[in-house]
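Accompanying notes for the structure given below.
Just so it is clear, none of the values below were taken in a lab; they were calculated from the coordinates. What you see is a predicted model, and the numbers here were worked out from it, not measured in a lab. We place every Cβ from the backbone using ideal geometry, glycine too, and count neighbours over all the protein chains shown.
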Amino acid sequence: MEQASSWAGAGAGSVGGAGEHRITGGGEAVRGRVAGKVAIVTGAARGMGAAHARALAREGATVAIADIAPEPGELLAAELRAAGARASYHDHDVTDAAAWTALVDSINQTHGPIDVLVNNAGVQVRSTGIEADDEEWEKVTAVNQRGVFLGMRAVIPGMAQRRAGSIVNVASVAALVGLPGSIPYQASKAAVLGLTRGAAVSYGPDNVRVNAICPGLVVTTMTASASPAAVDALKAQIPLRRDGRPDEVSAAVVFLASDESSYITAAVLPIDGGFVAL
Ligand SMILES: NC(=O)c1ccc[n+]([C@@H]2O[C@H](COP(=O)([O-])OP(=O)(O)OC[C@H]3O[C@@H](n4cnc5c(N)ncnc54)[C@H](O)[C@@H]3O)[C@@H](O)[C@H]2O)c1
């Protein structure tokens, strides 16, 4: 599942603290902005989560890919290991409280204590307004809201004990402005901001930082079902006049995961080409 690394951290986008060295539990030196940190990224088998896993690995982190998609998840873990990183795939449903306990135990044993949690897994129910049925509501709320709570509940005690930890919760611009349709999705993402602020003020005294990012339009499997006309109409409204790339979101994830952001907690960061300023 995982393997030792001497990854040189020479990937694109290395700025700031690049070149920092840390000695991992295995005794080897790793370099990068998150050198030697152990990170869980949920929903990392595909889409933006995969980009976050790649970026964190490139910057020296050990990455645990947690998803319900074993085929792409195992492939990504193998890709990261082939590049010299420490990485593992874990079949993990973020809505399952017992699975969180098992995941944290397993990572503690194989990789060491968890420094970073990126609560990225999310589901979208497209084009539903108030007619969203109970099943849709339950699914969206379970993954996007409860999943984030369960993840924080699982990792914060260890982080607080070690007085070190950074959690990045993935919300959305849909938490900041009203958008037509997808009311359960918007509610779940607004809840992510509440979870972020509540955890940040509760565990700041333990040096556990909790921040939220709010991506705008980023083309992934999640947005693939949207009509090209709808995507074009949205792009025309974005001040930068384009969609974002997953790696542009990953840049913020690496920053918030790293010690470069050591005095930033409870922040809500739009990554949206200026969309919410309209
Ligand atoms: N794509 C966008 O434009 C956009 C904009 C704002 C916010 N977001 C948010 O960013 C995050 C990533 O979105 P994406 O576009 O990469 O989506 P995606 O659909 O491409 O990927 C989501 C991943 O989450 C995994 N997942 C779903 N349910 C899960 C569960 N119960 N347990 C574990 N993993 C689960 C999926 O298997 C998939 O690999 C989501 O939280 C999403 O709401 C996306």
So what's the Cα pair-distance distribution over the chain, bin width 10 Å, in %? 7, 31, 37, 20, 5, 0
Of the peptides 80-90, 222-232, how do they stack up when ordered by the mean number of other Cβ atoms within 10 Å, highest first? 80-90, 222-232
ALA190-ASP105 pseudo-label distance in nm [points 7 Å out on the Cα-to-Cβ vector]: 3.9 nm
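Loop-only chymotrypsin sites (Phe, Trp or Tyr not before Pro) in region 171-278, please: DSSP not H, G, I, E or B, and at most 16 other Cβ atoms within 10 Å.
Values: sites: TYR185, TYR203, PHE255, TYR263, PHE275; in loops: TYR263.
Filter output for region 171-278: TYR263.
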May I ask you to evaluate 6.51 cos²θ - 1.76 cosθ + 1.60, the Karplus curve with θ = phi - 60°, for each residue of region 132-140 and list the ³J(HN,Hα) values in order in whole Hz, giving x for glycine and proline? 3, 7, 4, 5, 5, 4, 4, 5, 5
Contact order relative to length for region 138-238, counting C-alpha pairs under 8 Å separated by 6 or more residues, stands in percent at 32 percent
For the chain, the dipole about the Cα centre with charges only on Cβ (Lys and Arg +1, Asp and Glu -1), to the nearest 20 debye, works out at 820 debye
With x for Gly and Pro, the residue-by-residue ³J(HN,Hα) of region 179-196, computed from phi through the Karplus equation 6.51 cos²θ - 1.76 cosθ + 1.60 at θ = phi - 60° and given in whole Hz, is 10, x, x, 6, 4, x, 5, 5, 5, 5, 6, 5, 4, 4, 5, x, 4, 5
Structure-based [θ]222 nm, the chain - -39500 (n - 2.57) summed over DSSP H runs of at least 4, per residue, nearest 500: -12000 deg cm²/dmol
Hey, quick one: spin label on ASP206, modelled 7 Å out along Cα-Cβ, who in region 150-183 has an amide N within reach, i.e. under 19 Å? 150-169
Placing +1 on the Cβ of each Lys and Arg and -1 on the Cβ of each Asp and Glu in the chain, which of VAL30, ILE107, VAL231 has its Cα farthest towards the positive end of the resulting dipole? VAL30
Per DSSP, loop GluC sites (Glu not before Pro) in region 130-185 with at most 13 further Cβ within 10 Å: GLU131
Calculate the spin-label point distance for GLN161 paired with ALA267, positioning each point 7 Å from the Cα along the beta-carbon direction, and give it in nanometres. 2.9 nm
Spherically averaged projected area in nm², based on the convex hull that wraps the Cα atoms of region 92-233: 9.1 nm²
ALA224-ASP96 pseudo-label distance in nm [points 7 Å out on the Cα-to-Cβ vector]: 2.4 nm
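For region 149-248, report the translational diffusion coefficient in µm²/s to the nearest whole number, using Stokes-Einstein at 25 °C, 0.890 mPa s, and a Kirkwood Rh over Cα pairs.
Translational D for this selection: 161 µm²/s.
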Go through region 90-107 residue by residue and turn each phi into a ³J(HN,Hα) via Karplus (6.51, -1.76, 1.60, θ = phi - 60°); whole Hz please, and just put x for glycine and proline. 10, 6, 8, 8, 5, 8, 9, 4, 5, 5, 5, 4, 5, 5, 5, 4, 5, 5
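Sorting TRP137, TRP100 on the 10 Å Cβ count, fewest up front, what's the list?
Starting with the residue having the fewest Cβ neighbours, the order is TRP137, TRP100.
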Relative contact order [Cα under 8 Å, 6+ residues apart], the chain, whole percent: 17 percent
